[in-house]
1. Which length gain, in nm to one decimal place, applies between Glu20 and Ala109 when the Cα-Cα distance is subtracted from 0.36 nm times their residue separation?
2. Can you pull the one-decimal nm distance between simple spin-label points at Asp37 and Arg82, each 7 Å off the Cα toward Cβ?
3. Please work out whether segment 1-45 counts as rounded, prolate or oblate from its C-alpha gyration tensor, where a ≥ b ≥ c are the square roots of the eigenvalues and a/c under 1.5 means rounded, while otherwise a/b larger than b/c means prolate and anything else oblate?
4. Across segment 131-146, in residue order, what do the Karplus-derived ³J(HN,Hα) couplings come to in whole Hz, using 6.51 cos²θ - 1.76 cosθ + 1.60 with θ = phi - 60° and x for Gly and Pro?
Amino acid sequence: MTEDEAAVEFHAFFERHHAELSRLAYLLTGEADAADDLAADAMVALWHRWDRARSADSAAAYARGVVANLARSRIRSTVRERRRVLLFWSHRPERTDGPDMAAAMDVRAALDTLPFRKRACVVLRYAFDLSEKDTAAALGISVGTVKSQTSKGTAELQRLLGTRAAGELVGKGSR
């Protein structure tokens, strides 16, 4: 394949999948601005490894894996940064207000409480309607891990949101 043909093929892939990858990044991080940056960074990484990506079973699954890894790195970095800030401000007395019930009922807030792997499994399975196999491929984990993490994640969402609201979120049947 010539460089021009690869560029045309990659451009078509970009047009088809950039919005989806940005949405995935948003659902994994909860940050709209970061989502576009992560999707763009993933596309740059894909372009640099386009031969490897296009020879994978599914270039889209490969791209989702890149986004998931970038999101995981961003989340870890953010957590480290927040810990440093908390240490810096720890001398200040803490003030807590009552729980914000509206925020507790919000799906975004509920997703934010899930550990990364559970959140990624739930998001890919239900928001992106991927099969267990495709989810496993995107995250680089086994199908069994996808099953258990999805089950545990939906159970936690049910606990946080209530059975009815969580059922509406993930649909009636198993996928």
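Please treat every number below as a calculation from the coordinates, not as lab data. Computed from a predicted model, the values in this text were never measured in an experiment. Don't worry about glycine lacking a Cβ; one is built from the backbone with ideal geometry, like all the others, and counts go over all protein chains shown.
1. So the extension gain works out to 29.9 nm.
2. 1.6 nm
3. Prolate shape, in that a/c is at least 1.5 and a/b is the bigger ratio.
4. 6, 4, 5, 5, 5, 4, 5, 5, 9, x, 10, 7, 4, x, 5, 4
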